[in-house]
Amino acid sequence: MQQGQKLEDRLTIDKRTLKQVIRELKKWKAPATVLLSLYIPPGRPISDVMSLLRTEYSITDNIKLKRTRDAVQRALSAAMDRLARIQKVPPNGLVLFCGEDMQTKDFVCMMFSPPEPVPVFFYRTDKYFHTEFLEDMLEHEETIGLVIVERDQATIGVLKGSRIQLLEELEGYVPGKHHRGGQSQRRFDRQIEQFVRGFYKEVAEAMNKHFLPLIEKGLLKAIIVGGPGYAKQDFLEEAAEFLDYRVRQKIARELIDVAYQGDAGLRELVIKASDVIEKNKYAELVKAIEEFKYHLAKNDGLAVYGDKLVRNALEMGALKFIIVDEEREDADYYVDEAPKYGTKVYLLSDAVPEAEWLRKTFKGLVGVLRFKLS
């Protein structure tokens, strides 16, 4: 730190540090609403925030349980103490998290400026720290929209890095087949098509709702559409007028045959669309897991696991790739060190079905060797 540098000028953290901070904050839980989360957007006067916190402190006298009252007051006091040290909110805003573990009496108070502007003014004491606004800042630049559609069902999701997130499931009403024949049959068929068209419109509007904010942030790389039979093609033709032109421009030309809806369908869509998605992290992670399982089953000496064996193999330059649970405390070590040895790192997330198996059986750390070790 340069001498005379203001505190607010050295509060900014990068995205990698932010990820570590979020991971740490998510460990904190409380039996009562004593964990304080405070988001201050750029330009908000410190004096206004201090006034709010003083008011909140005075209200805490109404909390009946002494342990809870003391914990909340301690969090508020710590937050005000941190804020009193700075003159103005940094260019990207300011975030504070303060609170204690009511069992162990451990206490945490973090104040920092995130790598992107704080989007809202937010204050709350809760049983957990509110990190959702920070998590939005970690959205992968290659976010991909996922849509599975048929005549009466649809699933909308996104792929962010190696994480699949289901955003919305929709169901429509389409009557069954009619067997009267003649004009009655044709009239009934037209009615069915009207129901289908109405459902397609609903799906298109949901796509606009979920994908336009991502497009406006410059985060959405593409939209992959899948489904059974001809339904997906019919949808794109029927719903074209209801889709925002910016959403239409992101839809990939290749449509994917998918048999399922929901989470299972989204996973199937991502795996089958790996060529369309190109080098997406989820598709790469799935392939890496399959390669590890192949060598493990073959027992050819190329599958490696266990902390000591993996680390030794890495430092020998023998590892082709590592799969490491992103929740492991040493995950950052492998992210930093592996590139020095030409080793690829895949961060394990809950998105893949084998995640729990890899964690329980191998403690979330495995790899595949370039060559057998003696």
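Relative to the first principal axis of the alpha-carbon coordinates of the chain, what is the inclination of helix 15-25, with its axis defined by its Cα atoms, in degrees from 0 to 90 and to the nearest 10?
For 15-25 against the chain, the angle is about 80 degrees.
Calculate, for LYS127 and LYS105, the FRET efficiency according to 1/(1 + (r/R0)^6) with r their C-beta to C-beta distance and R0 22 Å; round to the nearest 0.05. Intermediate values should be presented prior to the final figure.
Working: r = 17 Å, r/R0 = 0.77.
Approximately 0.85, to the nearest 0.05.
According to a simple spin-label model (label point 7 Å from Cα along Cα-to-Cβ), what is the distance in nm between PHE371 and TYR294?
2.1
May I ask for the angle, rounded to the nearest 10°, between helix 46-59 and the longest principal axis of the chain, with both axes built from Cα atoms and the value confined to 0 to 90°?
Once rounded, one gets 80 degrees.
Could you let me know the centre-to-centre spacing of segment 145-166 and segment 345-373, using Cα atoms, in angstrom?
25
Reachable lysines from LYS29, Cα under 17 Å, same-chain residues fewer than 8 places away excluded?
LYS105, LYS127
Tell me the mean residue ellipticity at 222 nm calculated for the chain from its helices only (DSSP H runs of n ≥ 4, each -39500 (n - 2.57), averaged over every residue, nearest 500).
-13000 deg cm²/dmol
Taking the Cα centre of each part, how many Å lie between segment 281-328 and segment 75-136?
With segment 281-328 and segment 75-136 each reduced to a Cα centre, they are spaced 38 Å.
With θ set to phi - 60° and the Karplus curve 6.51 cos²θ - 1.76 cosθ + 1.60, what are the ³J(HN,Hα) couplings of segment 354-366 in order, to the nearest whole Hz, using x for Gly and Pro?
In residue order, the calculated couplings are 7, 4, 5, 4, 5, 6, 6, 7, 10, 6, x, 8, 9 Hz.
Modelled label-to-label distance, MET50 and TYR333, 7 Å Cα→beta-carbon offset: nm?
4.4
Based on the Cβ-Cβ distance from GLU354 to GLU135, what FRET efficiency comes out when R0 is 30 Å, to the nearest 0.05?
Between GLU354 and GLU135 the formula returns 0.80.
Using label points projected 7 Å from each Cα along Cα→Cβ, tell me how many nm separate GLU202 and ASP61, to one decimal.
If labels sit at GLU202 and ASP61, their model points lie 5.4 nm apart.
Which of THR143, THR361, THR55 comes first, and how do the rest follow, when ranked by fewest Cβ neighbours within 10 Å?
Starting with the residue having the fewest Cβ neighbours, the order is THR55, THR361, THR143.
What list of ³J(HN,Hα) couplings, whole Hz, do you get for segment 150-159 from phi and the Karplus terms 6.51, -1.76, 1.60, once you set θ to phi - 60° and write x for glycine and proline?
9, 5, 9, 8, 7, 10, 10, x, 9, 10
Quick one: if the Förster radius is 41 Å, what FRET efficiency do GLU254 and GLN87 give, using the C-beta to C-beta distance and rounding to 0.05? Intermediate results must be reported in sequence, preceding the final value.
Working: r = 55 Å, r/R0 = 1.34.
It comes to 0.15.
Would you list MET80, MET50, MET207 from fewest to most Cβ contacts within 10 Å?
The order, fewest Cβ neighbours first, is MET50, MET80, MET207.
Write down the percent of antiparallel bridges among all DSSP beta bridges whose residues are both part of the chain, to the nearest 5.
Values: 39 of 54 bridges.
DSSP beta bridges in the chain are roughly 70 percent antiparallel.
For a footprinting-style exposure proxy, rank GLU135, GLU100, GLU356 by other Cβ within 10 Å, fewest first.
GLU356, GLU135, GLU100
Any idea which of GLN87, ASN299, GLN103 is furthest toward the positive side of the dipole for the chain, if Lys and Arg beta-carbons carry +1 and Asp and Glu beta-carbons -1?
Result: GLN103.
Answer with a single label: of [x] 21.2; [y] 24.3; [z] 21.9, which was calculated as Kirkwood radius over Cα pairs in Å from the structure in view?
Derived directly from the coordinates: [y].
Of the listed pairs LYS15/LYS287; LYS19/LYS160; LYS293/LYS360; LYS287/LYS340, which have alpha-carbon separations greater than 21 Å here?
Numbers: LYS15/LYS287 27 Å; LYS19/LYS160 14 Å; LYS293/LYS360 15 Å; LYS287/LYS340 23 Å.
Too far apart for the 21 Å limit: LYS15/LYS287; LYS287/LYS340.
Each reported figure results from applying straightforward, stated rules to the coordinates on display, with no laboratory input. Here the structure is a predicted model, which is why all the values come from computation and not from measurement. Note: ideal-geometry Cβ built from the backbone for every residue, glycine included; neighbour counts use all protein chains shown.
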